[in-house]
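Some notes on the structure that comes next.
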Amino acid sequence: MLDALKNIFKIPELKKRVFYSLGMLAVYRIGCHIPTPGIDRIALSHFFKQAQGTLLGLFDMFSGGALERLTVFALGIMPYISSSIIFQLLTVVVPAIEKLSKEGESGRKKIIQYTRYGTVLLSVVQGLGIAIGLESMRGPAGELVVPNPGWAFRLMTVLTLTAGTAFIMWLGEQMSEKGVGNGISLIIFAGIVARIPTALGNTAKLLNAGQISLFVIIFVLALMFVVIAGIVFVERGQRRLPIHYAKRVVGLKTFNAQTSHLPLKVNMAGVIPPIFASSIIMFPATIANFINIPWVQNAAKSLTPGNWAYNVFYVAFIVFFCYFYTAVTFNPVDVAENIKKHGGYIPGIRPGKETSEFMDSVLTRLTFAGAIYISVVCVLPSILIGKFNLPFYFGGTALLIAVGVGMDTVSQIESHLITKNYDGFLKGVRIRGRK
C-alpha cells in the first residue's frame, strides 16, 4: 500500500490529477463555512438539534453540515442529484429524451445541459422554500432565526444558495475532467467524512466521562469493519451470463467465434433506493417541525429512526425502489435484441424473447438479494448502535456512498498505476469500482 502511494508521485499526470482533486475539495470545504447573510446562527443551530432524524437532517448530512450553518453551499449537490435522477426516469417515459439518449455523445451532452438547467430550477425552488421556512423558525428563547424577514432576505437567500449549488456543480465537473475519480461523488464523500472528527471527539468525551465503556467502542469498531468488508464484497459481486458469438462475415471481413459475458451486479440500483426511502419516510417528521397538529406530531414520532414502524416502512420502500430503479435503468428486451443483432446467444437459451425472459428472471433474483443486502446495511447497524447511544450515526446511505466512492476512486488510481507499469494498491489483486 505504501509503495503504491509512493508510485502516485512518480507519475506526473496522476500526481497532478490527485492534487487537483484535493485542491477542489479544499475549496468546497472552505465554502461550507462561508455564511449566508441575514441569519441568527445560534438560533438556527438550536433548531437543527431538534431536526435530527428529519429530511433536513438527511440533507445536512450530504452537505457536510453546511445546511445547519446555512452557508453558501447549504443546498449542497442534492439538487444536481435530484435533477439527474429525474432526467434518468424521464428517459424511459418521454420519447424525445429517450431518442436523445440514443444519439451518442451529442445526445448525452444535451441531456447533461438539461440536467444543469433542472439543477438551477430546483435550487431556486428549494432556496425559496428554505428562506420562507427560516422566517417562521424560532430559537429556544423565542428569538427569530431571521431578524429581518421579507422579500429582500428571500431573494438574497435564493440567489446565494442557487449560486452556491451551481458552483459546486462546476467544481464536480472540473474534478471529473481534470482530477481523479467522479467529482460529484467525491463532493458527497467529503461532506460525509467531514463529520468523522466531530464524532470521534464526542466519543472520546463520553469515554472520559464514563458514559460509554471501552468494550462497547471495541465492539462497534469490529462491527464497522465487518459491515464495510461486507459492502466491499457485495459491491464487487457480479453474476456473469456467458455469451457466445458465432463466426460471421461482414462484407470483406470475417469475425471469428468469440466468447464473452454480460455482468449483472448484485446491487444494480446503487444508493438510490435508500436515498428515496429516507426522503419519503422523513417527510412527515420535516412537516411536523412547521405544523403544530397533534396527529401530525404523533405520525412524525412513530416514523423517527429507531422505531419499529420506521424500520418496517424503510425496508419496504428500499425493496420497492430497488426493483423500480433496476427496471428503469436495465431493459432486458433491449439488451437481448442487441445481443441477437450482433449474432450472440446465451448457451441453452434461444435468442430474442427467451433470452430477455431468462435475463429478467436472473435480474429479479439478484435484485431481491441486493434489496436484502441494502436493508441490512441500512437498518441493522443503526438498531445495534442505537442500543449503545453512540454520538454518531453508523450505517445506511452515508456508509454505502463512502465505501462505494472510495472503491471507485481507488480503482481509477490503480488503472493509472497499472497503465504506467506500476503495481496497484494490493499486489496480485485488482480493485474494481462499482461501475
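Just so it is clear, none of the values below were taken in a lab; they were calculated from the coordinates. Computed from a prediction, not measured in an experiment: that's the story for all the values here. Neighbour counts run over all protein chains shown; Cβ positions are idealised from the backbone, glycine included.
Highest mean packing first, where packing is the average number of other Cβ atoms within 10 Å per residue, the peptides 193-200, 333-340 line up as 333-340, 193-200. For Leu128, neighbours were defined as the other residues whose beta-carbon sits under 14 Å from its Cβ, and their charges (Lys and Arg +1, Asp and Glu -1) total 0.
Over 28 Å between Cα atoms: which of Lys15/Lys110; Lys99/Lys265; Lys265/Lys340; Lys110/Lys353 fall into that group? Check vs 28 Å cut-off fails for Lys15/Lys110; Lys110/Lys353. Averaged over residues, the count of other Cβ atoms within 10 Å places the peptides 265-272, 33-40, 208-215 in the sequence 265-272, 33-40, 208-215, highest first. Under 5 Å between amide hydrogens, built in the peptide plane, is the criterion, and for Ile243 it picks out Ser260, His261, Leu262 among residues at least 5 positions away or on other chains.
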